[in-house]
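Beneath this line is the structure, given in structure tokens, with notes to follow.
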Amino acid sequence: MDLKPGSRWKSSVCDAEVVVVRPPSTAGVLACGGHPMTPHAAERPAGLALSPDHAAGSVLGKRYTDAESGLETLCSKAGAGALSFDGRFLVVKEAKKLPASD
Amino acid sequence: MHTALLLDMAADAFPDRLALGSRDDGIDFGELAARARAGAAWLAVQGEGTVVFLGLNGPALPVAIFASGALERPFAPLNYRLPDDDLRRLLARTAPSVAVVDDDMLPRVAGTPGVALVARSAFEAACLDAMLRATEPAPADPDIAVLLFTSGTTGEPKAAVLRHRHLASYVISTVEFMGSDDDEAALVSVPPYHIAGVSAVLTGVYGGRRIVHLPAFTPETWVEAATQEEITHAMLVPTMLGRVLDVLEARSESLPRLRALSYGGGRMPTAVIERALRLLPHVDFVNAYGLTETSSTISVLGPADHRRAVDSEDPDVRGRLGSVGRPLPGLELEIRGPSGEAMPAGATGEVYVRGEQVAGEYLGRKVIDDDGWFATKDSGWLDAEGYLFIEGRLDDVIVRGGENISPGEIEDVLRAHPGVADVAVIGAPDEQWGERVAAVIVPKDAAPTPEELSDWVRARLRSTKTPETYEFRSELPYNETGKLLRRVLKQELATSASTREAAA
């Protein structure tokens, strides 16, 4: 799974989509809803279902990170599945609120 | 990631939310995305290469930015205020390209080789075409988002390259997706060919803040648009802010809906910002410092900093009104001395910056070092709490007998004199010292004498920083985005000095 910055991925089991903002320092599997994500341009694998343990959802416009590997993704489409990397759930990166400057 | 995705996200999630223009007849995110798609399909068959924009601010600007993004072609807004010859030369440098040109500007650039010219009205009509709106764009060059020509105050303009990853990184790390309230609206009066004009479109769309474009700035039209369009946010360059305050005072207008006003793009005189804080106490002021090469803002002095500074008796805290604040999270900033060594707090040197939004590249030339650091060519220093103070461009530093003297602090002192309306301090050629400190003064009603001004400076700064010659004028040369044209002034001073010598 080549998680290059700017690469786009879609969930194999729900509507969620992400774009990689910062790659992980180690190779690993980016998953959504408990199943590896699919490259944006590829066909979704058939016959998979959302895992109930991975159903907390992903929210449009939020940045999700994995502290251990440094992976950061931006959710570009919301979905029912939760994002994880190598089995660790990604957490929402709370942006420091900045004043508008332009 | 691509800038086109920023609009796709907004349009997918909030197609009916107002994106551009007035409340009554504005354009929502769904419509903006449809126009950008149609514009992309149309531009793809008009010509190859870079998409050039030559025209006034308006809805066609964001449409063209996102259309080029969808085509994965560079977007290059050009300065329509340039003389015709310079403009044609600059346009020719974008070839191969397709240029969207305001209809009345077309004759000025006709026949430029390698450039397919299309009228803005034809582009706008194509963006409404149903067939084109259903066409998927065919991306070409995957990487360059924007080409911006520098203002060229020190020579031939350079084409700064901003890649999608730089701009997208700036947007997603500084703006919360759709984080704006429904009633927020930004008045954009910086021109399309200024980095702030480009970043305003991207951050406005991603943050969900309605954008209202002012085609051409005058302080009167700005105040009228701010009132009529119920503007809550705006950005101004320092010279614009001073003129806006004049109009507000003359009309006893207080812009009650305005919540935030940011300024940048040049040195803000302390007197102007103090006056602004006094006249608009309900407004949050933000000083933003950034460069074209850094995808806009890299440090901000926020509203709380402004209020703490004006309320403080401590001269260090009060002095922060003259600072550009602290770097954005995730950006690193360093002050370096002449041999590249890191300087301690309080010491002046060149400002270096590193981070994901920092592009540091011109067409055909990377100017970022191997470790990712970009030399801003600005001279500055950090205080003990990490607030950044910019003294000016390194090129403008006066070298007098081996001593480096920044014109900025001398200008600040002179501008605080009650008889001085505006001032520029520059290095004039000098046989003994190499350069001497020369001041050009725009006086208020009663002009102060040179002796009076020298006493004033000497009481506040070292004697070597006291100007040795004074010239009095009715105005100083600025470009339209408020940058003082020091090179022009320097040439004029040299010419008038040699004329005087010849006469004597």
Pairs please, first residue from segment B:81-100 and surrounded by fewer than 19 Cβ atoms within 10 Å (Cβ to Cβ), second anywhere and among the acidic types (Asp, Glu), Cβ atoms under 6 Å, 6+ apart in sequence or on different chains.
B:81/B:480; B:96/B:48
How many residues are at pLDDT 90 or above and assigned to a strand (DSSP E or B) if we restrict to segment B:399-422?
3
Determine, yes or no, whether residue B:52 is touching a strand residue (DSSP E or B) at 6+ places or on another chain (Cβ under 9 Å), surrounded by 24 or more Cβ atoms within 10 Å (Cβ to Cβ) and assigned to a strand (DSSP E or B).
yes
Which numbered condition residue B:165 fails, given (1) part of a helix (DSSP H, G or I); (2) surrounded by 19 or more Cβ atoms within 10 Å (Cβ to Cβ); (3) out of contact with any Phe, Trp or Tyr (no Cβ under 9 Å at 6 or more places or on another chain); (4) at pLDDT 95 or above
(4)
Could you list, in sequence order, all residues of segment A:1-32 that are within 14 Å of chain B (Cβ to nearest Cβ), closer than 21 Å to residue B:356 by Cα and either of a type in the set (S, T, N, Q) or not in a loop (DSSP other than H, G, I, E, B) (or both)?
A:7, A:8, A:18, A:19, A:20, A:21, A:22
Only one residue in B:446, B:424 is within 24 Å of residue B:323 (Cα to Cα), among the hydrophobic types (A, V, I, L, M, F, W, C) and not assigned by TED's automatic domain parsing to the domain that holds residue B:347, so which one is that?
B:424
State yes or no: is residue B:109 aliphatic (A, V, I, L, M), touching a helix residue (DSSP H, G or I) at 6+ places or on another chain (Cβ under 9 Å), touching a residue at least 40 places away in the same chain (Cβ under 8 Å) and within 24 Å of residue B:294 (Cβ to Cβ)?
no
Output the residues belonging to segment B:432-485 that are over 27 Å from the mean Cα position of the chain (by Cα) and hydroxyl-bearing (Ser, Thr, Tyr).
B:449, B:454, B:463, B:464, B:466, B:469, B:470
Lone qualifier among B:196, B:160 - being of a type outside the set (S, T, N, Q), part of a helix (DSSP H, G or I) and modelled with pLDDT of 90 or more
B:196
Any idea which residue in segment B:227-253 is surrounded by the fewest Cβ atoms within 10 Å (Cβ to Cβ), counting only those that are part of a loop (DSSP other than H, G, I, E, B) and more than 14 Å from chain A (Cβ to nearest Cβ)?
B:252
Kindly indicate which of B:329, B:315, B:338, B:344 is surrounded by fewer than 22 Cβ atoms within 10 Å (Cβ to Cβ), within 11 Å of chain A (Cβ to nearest Cβ) and either free of Cβ contacts under 8 Å to residues at least 12 places away in the same chain or more than 18 Å from residue B:376 (Cβ to Cβ) (or both).
B:329
Please count how many residues of segment A:1-34 are of a type in the set (Lys, Arg) and either in contact with a helix residue (DSSP H, G or I) (Cβ under 8 Å, 6 or more places away or on another chain) or under 22 Å from residue B:12 (Cβ atoms) (or both).
2
Just checking, how many residues over segment A:47-94 are crowded, with 18+ Cβ neighbours inside 10 Å, part of a loop (DSSP other than H, G, I, E, B) and acidic (Asp, Glu)?
1
Which of the residues belonging to segment A:44-102 are within 9 Å of the chain's Cα centre (by Cα), small (Gly, Ala, Ser) and away from every other protein chain (no Cβ under 14 Å)?
A:82, A:84
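The values are calculated or read from the model by the stated rules, or taken from the named source; none is laboratory data. Because the structure is a prediction, the values reported are computed rather than measured. Note that each Cβ is placed from the backbone with ideal geometry, even for glycine, and that neighbours are counted across all protein chains shown.
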